[in-house]
Amino acid sequence: MKKLNIGVIGAGRIGQVHIENIVQRIQIAEVVAIADTNFELATTISEKYSIDHAYENYKELINLKNLDAILICSSTDTHSEIIIEAARAGKHVFCEKPIDMTIQKTKEALSAVDASGIKFMVGFNRRFDPNFSKVKGEIQNDKVGDIHIVKITSRDPGPPPIEYILGSGGVYMDMVIHDFDMARFITNSEVDEIFCKGMVRVDPEIKTAGDFDTSVAVLKFVDGTLVIIDNSRKAIYGYDQRLEVFGSKGMLGAENNKADNHFYYDENGKHESLPLHFFMQRYTQSYLNEINEFCESVFNNKIPPVSGRDGLEAIRIAMAAKLSATENRPVKMSEIE
Ligand SMILES: NC(=O)c1ccc[n+]([C@@H]2O[C@H](COP(=O)([O-])OP(=O)(O)OC[C@H]3O[C@@H](n4cnc5c(N)ncnc54)[C@H](O)[C@@H]3O)[C@@H](O)[C@H]2O)c1
């Protein structure tokens, strides 16, 4: 059996997660090349996993003849350009979220994908988390009936460095975008209108950077479902990732994953372990499932489970959210191109 040959562009935090999963846990694919502008990092990681090629310039990786697919795990501002080049070279693409920070560049990248006929998938890993995919499956089994309200809680254990925030596109494009995608995934509907209140409650520097660290969003979907998303850049008890789906037949939900399941009662009450600390711990299984699905799609010539349109819609919602929070008013999705 010939394995898929994969190249990874960007060997930072998330690139290393995907590399390790493919090298150690996926039988049908192998990583044959890495490119990172930090060449020392590319070399270190390629040596660690015995990968044949390490490049400083991603164009050399794209030009490799025997490459089947590329994972784009570099900084967001590089994604759309790399997608276009990879598509023109006929390589299938998995791209980390978001595709780009502008709608125009996202559309240009997706046009190149369509013109080339390559397979394309966006990295909304939470769809592949066992908790949330179980909830989705039970919705499809009609366990909640008509969905009336969805509540998503998504709070980080601490804010990233201010330099990261400055280049991130803001909290809605960088962080809440995962929750916007989760809302579309759960409701299987599209957003009609959004109202966001964004505040700075954690770090005044984030205000200086023109961003928010605390937000509540209310989304009305075209089918009438209401979704409430609450976010914070800092929850002192760890990474808080919960979901509740309320409908005509009942309520479904997912609690946090904790380091262990023990509990202890004393005169002060019940004590238990905190939620797993951050996304690298909490979403380990989702990253493996996600990249396995991408490899399977390419290997078996199937349509990947997260489309370019999913990527584009999440970006549109993030833009509407930012506009709503900035102008302090409800925003119709029809206002966003
Ligand atoms: N799905 C998720 O849960 C998740 C989690 C983290 C990050 N991300 C996304 O993944 C991307 C990378 O994030 P990260 O946290 O791994 O960042 P990171 O800074 O840790 O890694 C990015 C790497 O890309 C390299 N790079 C930058 N420009 C490059 C270029 N032109 N060619 C090759 N390499 C280049 C950098 O040197 C760096 O090593 C971002 O788009 C981010 O939004 C997704």
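Numbers at a glance
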{"quantity": "Rounded to the nearest 20 debye, dipole of region 147-251 from Cβ charges on Lys, Arg, Asp, Glu", "calculated": "340 debye"}
{"quantity": "Cross-link table LYS59/LYS332; LYS2/LYS107; LYS234/LYS270, entries beyond 29 Å C-alpha to C-alpha", "calculated": "LYS59/LYS332; LYS2/LYS107"}
{"quantity": "Spin-label pair GLU244/ASN268, simplified geometry with 7 Å Cα→Cβ offset, distance in nm", "calculated": "2.7 nm"}
{"quantity": "Relative contact order [Cα under 8 Å, 6+ residues apart], region 4-118, whole percent", "calculated": "25 percent"}
{"quantity": "Degrees between helix 130-140 axis and first principal axis of the chain (Cα, 0 to 90, nearest 10)", "calculated": "70 degrees"}
{"quantity": "Charge context of SER232, other residues only, Cβ under 10 angstrom, K/R +1, D/E -1", "calculated": "0"}
{"quantity": "Three-way shape label, region 155-214, alpha-carbon gyration tensor, a/c 1.5", "calculated": "prolate"}
{"quantity": "Selection from ASN328, HIS277, ILE229, by position along the positive dipole direction of the chain (Cβ)", "calculated": "ILE229"}
{"quantity": "Residues listed by number, region 288-316, amide nitrogen under 13 Å from GLN140 label point at 7 Å toward C-beta", "calculated": "305-306"}
{"quantity": "Electrostatic dipole magnitude of region 131-194 [Cβ: Lys, Arg +1; Asp, Glu -1; Cα centre; debye, to 20]", "calculated": "300 debye"}
{"quantity": "Cα centre as origin, Lys/Arg/Asp/Glu Cβ charges: the chain dipole, Debye", "calculated": "560 debye"}
{"quantity": "Relative contact order, percent, the chain [alpha-carbon distance under 8 Å, six or more residues apart]", "calculated": "19 percent"}
{"quantity": "Folded to 0 to 90 degrees: helix 284-299 orientation relative to the chain principal axis, Cα", "calculated": "50 degrees"}
{"quantity": "Loop trypsin sites (Lys or Arg not before Pro), region 112-204 (other Cβ atoms within 10 Å of the site Cβ: 16 or fewer; DSSP)", "calculated": "LYS143, ARG201"}
{"quantity": "Filtered trypsin sites (Lys or Arg not before Pro), region 305-337: DSSP coil and at most 12 other beta carbons within 10 Å", "calculated": "none"}
{"quantity": "Long-range amide H partners of ILE70 with built H, under 5 Å", "calculated": "GLY7, HIS92, VAL93, PHE94"}
{"quantity": "Positive-end residue of ASN66, THR43, GLN104, charge dipole of region 34-112 with Cβ unit charges", "calculated": "GLN104"}
{"quantity": "Helix axis angle, 177-187 relative to the chain longest principal axis, alpha carbon, degrees", "calculated": "70 degrees"}
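FYI, it's all coordinate maths here, none of it is from the lab. Because the structure is a prediction, the values reported are computed rather than measured. Virtual Cβ from ideal backbone geometry, glycine too; neighbours counted across all protein chains shown.
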